Each structure stands twice: as C-alpha cells, then as structure tokens.
Amino acid sequence: MNKDRKLTVTVCVGSSCHIKGARDVIMRFNELLKGQNLEDKVELKGSFCMERCGEGINWQINEEPLTSANVDDAIRVFNARIVKPIKGET
C-alpha cells in the first residue's frame, strides 16, 4: 500500500446493510481513525446500495469490495488492512 496516497473507505448504508449494523461500523471506523490520528490518511464515507445485500455488511477499501458478517468482523479487517499497515505494524 502506498503510504502517501489517501485511502477511501466506503460503507454501504442501504437498508439491508443498515439493519445489519452499517451505522455502527461507520461509527467504530471513525473512532479508530480519530484515535490513531489517521483522519488525514483515510477518507471515510457512506454509499447507498452496493448491490450485495445478501452477503452481510458491505464496504470497500478504494475499489476493493469487502463484506463483513458483523461489526466486530469489520473492525478486525479494518485494523488488519488499514490501521496496522499505515502505522507500520505487522
């Protein structure tokens, strides 16, 4: 991952994802970004339906689609794929 390039994390806020916890995912992602001082490196935004409603909570890193079964799963992936690499942790 290019550390100089700002990442975009988009979380689906359509009806199905909202019911599954998308709002909590956005809140937790935002808390992590603030807590780790990464707000200048990651843009967090919402998007209406990503057309994968049956899969779980849908979100993406840049253009890479991801699906999480629940909020905790989304946080685990977010930490592993975004926070740790930006912070230089392994």
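Here are some notes:
- Test result for Glu43, surrounded by fewer than 16 Cβ atoms within 10 Å (Cβ to Cβ), of a type in the set (Asp, Glu) and at pLDDT below 95: no
- Residue match in segment 7-22 (condition: over 23 Å from Glu89 (Cα atoms), more than 12 Å from the chain's Cα centre (by Cα), surrounded by 12 or more Cβ atoms within 10 Å (Cβ to Cβ) and polar (S, T, N, Q)): yes
- Residue count for segment 57-78, restricted to those that are in contact with a helix residue (DSSP H, G or I) (Cβ under 7 Å, 6 or more places away or on another chain) and either more than 17 Å from Met27 (Cα to Cα) or in a helix (DSSP H, G or I) (or both): 5.
- Long-range neighbours under 9 Å by Cβ, at least six apart or interchain, first residue in contact (Cβ under 8 Å) with a residue 12 or more places away in the chain within segment 11-33, second in a helix (DSSP H, G or I) and polar (S, T, N, Q): Ala22/Ser16; Leu32/Asn79
- Residue within segment 25-34 that is assigned to a loop (DSSP other than H, G, I, E, B) and either surrounded by 12 or more Cβ atoms within 10 Å (Cβ to Cβ) or over 13 Å from the mean Cα position of the chain (by Cα) (or both) present: no
- Those residues of segment 63-79 which are farther than 17 Å from Gln36 by Cα and of a type outside the set (Gly, Ala, Ser), in sequence order: Glu63, Glu64, Pro65, Leu66, Thr67, Asn70, Val71, Asp72, Asp73
The values are calculated or read from the model by the stated rules, or taken from the named source; none is laboratory data. Given the structure is predicted, the values throughout are model-derived calculations rather than measurements. All Cβ positions, even for glycine, are placed from backbone atoms using ideal geometry, and neighbour counts span all protein chains on display.
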